[in-house]
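Written out below as structure tokens is the structure these notes cover.
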Amino acid sequence: MGIIGLRAMIRQAKYNVLLRTKLEVPKGHIVVYVGEKYYKKHKKFVVPISYLEHPLFQELLRKAEDEYGFDHPMGGLTIPCSETTFLAIISHLDLISRCQ
């Protein structure tokens, strides 16, 4: 897959995530806030709960635990990474879930 294919996948993932963020949280999904720690505003994303079991997502959760512990002022699950990184991971997980 070339750069163009990767860009298209990321664009589609952004669109899918944008659709999810505009709606109420559907059954089987969870809200996460994404942004690097020095940003005051984090972006809200809605992802399927099934992603919590995937090793890539679990690595993000470990990073969140190391950064914030279990008591974060946002009151929700906050992942300290760039939106680009998060969208690339979600795009990969979306692709895997569609292939199963």
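General observations
- Qualifying residue in segment 49-69 (condition: surrounded by 16 or more Cβ atoms within 10 Å (Cβ to Cβ), modelled with pLDDT under 85, farther than 23 Å from R7 by Cα and not polar (S, T, N, Q)): yes
- Residue in segment 11-26 that is modelled with pLDDT of 85 or more and of a type in the set (K, R) present: no
- Search result, residues across segment 74-100 that are among the hydroxyl-bearing types (S, T, Y) and over 19 Å from H29 (Cα atoms): S82, T84, T85
The values are calculated or read from the model by the stated rules, or taken from the named source; none is laboratory data. Computed from a prediction, not measured in an experiment: that's the story for all the values here. We place every Cβ from the backbone using ideal geometry, glycine too, and count neighbours over all the protein chains shown.
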